[in-house]
Amino acid sequence: MSSKPRVYVTRRIPEEGIDILRSCAEVRVWPHRLPPSRDVLLREVGEADGLLSLLTDGIDAELIEAAPRLRVISNYAVGYDNIDVPAATARGIWVTNTPGVLTEATADFTFALLLAAARRIVEGDRETRCGGWLTWEPQYLLGADVHGATLGIIGMGRIGEAVARRARGFSMRVLYTDPNPRGDLESALGIEPAALDTLLGDSDFISLHAPLTPDTEHLLGPDAFAAMRRGTILVNTARGELVDEAALVVALRDGTVGAAGLDVYAEEPLPADHPLACLPNVVLAPHLGSATVGARRDMATMAAHNLVAALSGRRPAHPVNSPVSS
Ligand code: DGY
């Protein structure tokens, strides 16, 4: 019988990550496109010393309870709201994430959505393909100016900062709100701290970069939309639950919110008949923020190294907890 530790990987990730895991563990990989069912997960964690999970896997207290040997949960994501971290900590299990390596890719994608929503690129694509484009017209598919506009960034962590850097290239004024003031960036990037209400009222564009916590759930709801400038454009590449989607649909219909570029949703995949999917002034993406070859490869190697370190009795490089008995 092999004496190597056992690792379960809940989806196929780039091979570079699997190779690192195989160097020290017996590795099983769920081979399908859709996530493993709850039953499969419960069965697999029963045998596992390490779990490499995705944001689509709900790792809750029951699952952790069903994993007597588990020493590390390495999440293949920077966000870890899919994991009951206190339950893992209480059991002495490391929880790790993949910060940094997806920052630039996600910031690029945020700007892609911002530009697409502002300049109506998806509507234009549709018109061009379907014969809606009749001739060059002075008032056809007019959008919003991005250069020189005010961008409100909610959450000035790594990705918020990378978005602010891009905004400088568009001569935008950047307001931000974050529980931790970023004096360093205020002078370096010329960004301005603002109370949430001020940011909502003064921004032409608002981009979300906060983690999902009980404090940030539905951060943008009816009151926030009412406080915005009419026609503000909203971009969300963070987590869907930061926004009250029913209220957003109302705001997009009545023009309070002029347009939105969304990559994340309360329910993923977004149901095809969701009201958001019927609105012309919304650009929808299927959670692609970090979806570049390089970012996903680097996430795989980082997640694998985190897991191997924990199994080898070392402190992983990117822990999000301090397990009580480690
Ligand atoms: C994350 O890492 O949290 C993103 O949502 C997926 O890359």
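Which ranges mark the strands (runs of 3 or more DSSP E) fully within region 94-184 that have 3 or more residues being farther than 24 Å from A224 by Cβ? Write out each step before concluding.
Numbers: elements: 94-96, 150-154, 173-177.
Fully inside region 94-184 and qualifying: 94-96.
Go through L34, L54, L63, L114 for me and flag whichever is without any contact (Cβ under 8 Å) to a residue 40 or more places away in the chain and either within 12 Å of the ligand (Cβ to nearest atom) or surrounded by 15 or more Cβ atoms within 10 Å (Cβ to Cβ) (or both). Quick ask: steps written out before the conclusion?
Values: L34 fails: either within 12 Å of the ligand (Cβ to nearest atom) or surrounded by 15 or more Cβ atoms within 10 Å (Cβ to Cβ) (or both); L54 fails: without any contact (Cβ under 8 Å) to a residue 40 or more places away in the chain; L114 fails: without any contact (Cβ under 8 Å) to a residue 40 or more places away in the chain.
Unique residue meeting the criteria: L63.
Let's see how each residue does on (1) modelled with pLDDT under 95; (2) surrounded by fewer than 15 Cβ atoms within 10 Å (Cβ to Cβ); (3) within 16 Å of the ligand (Cβ to nearest atom):
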{"position": "L219", "(1), (2), (3)": "no, no, no"}
{"position": "N236", "(1), (2), (3)": "no, no, yes"}
{"position": "V243", "(1), (2), (3)": "no, no, yes"}
{"position": "G255", "(1), (2), (3)": "no, yes, no"}
{"position": "P271", "(1), (2), (3)": "no, yes, no"}
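Under the condition of being in a strand (DSSP E or B) and β-branched (V, I, T), which residue from region 12-43 is farthest from A295 (Cα to Cα)? Explain how you work it out, then say what you get.
Step one: filter region 12-43 for residues in a strand (DSSP E or B), giving 26-29.
Remaining after also requiring β-branched (V, I, T): 27, 29.
Details: V27: 22, V29: 20 Å.
If we take residues in region 12-43 being in a strand (DSSP E or B) and β-branched (V, I, T), then V27 is farthest from A295 (Cα to Cα).
Could you grab me the full set of residues in region 288-319 that are of a type outside the set (A, V, I, L, M, F, W, C) and within 15 Å of the ligand (Cβ to nearest atom)?
Result: G289, S290, T292, G294, R296, R297, D298, T301, N306, H318.
If A87 meets every condition in (1) part of a helix (DSSP H, G or I); (2) hydrophobic (A, V, I, L, M, F, W, C); (3) within 16 Å of the ligand (Cβ to nearest atom); (4) assigned by TED's automatic domain parsing to the domain that holds N306 apart from one, which number is that one?
Going through the list (1) part of a helix (DSSP H, G or I); (2) hydrophobic (A, V, I, L, M, F, W, C); (3) within 16 Å of the ligand (Cβ to nearest atom); (4) assigned by TED's automatic domain parsing to the domain that holds N306, A87 breaks only (3).
Just give me the residues in region 138-183 being under 13 Å from A195 (Cα atoms) and aromatic (F, W, Y), in sequence order.
Y176
The values are calculated or read from the model by the stated rules, or taken from the named source; none is laboratory data. Note that the coordinates shown come from a computational prediction; the quantities given were computed from them, not determined experimentally. Note: ideal-geometry Cβ built from the backbone for every residue, glycine included; neighbour counts use all protein chains shown.
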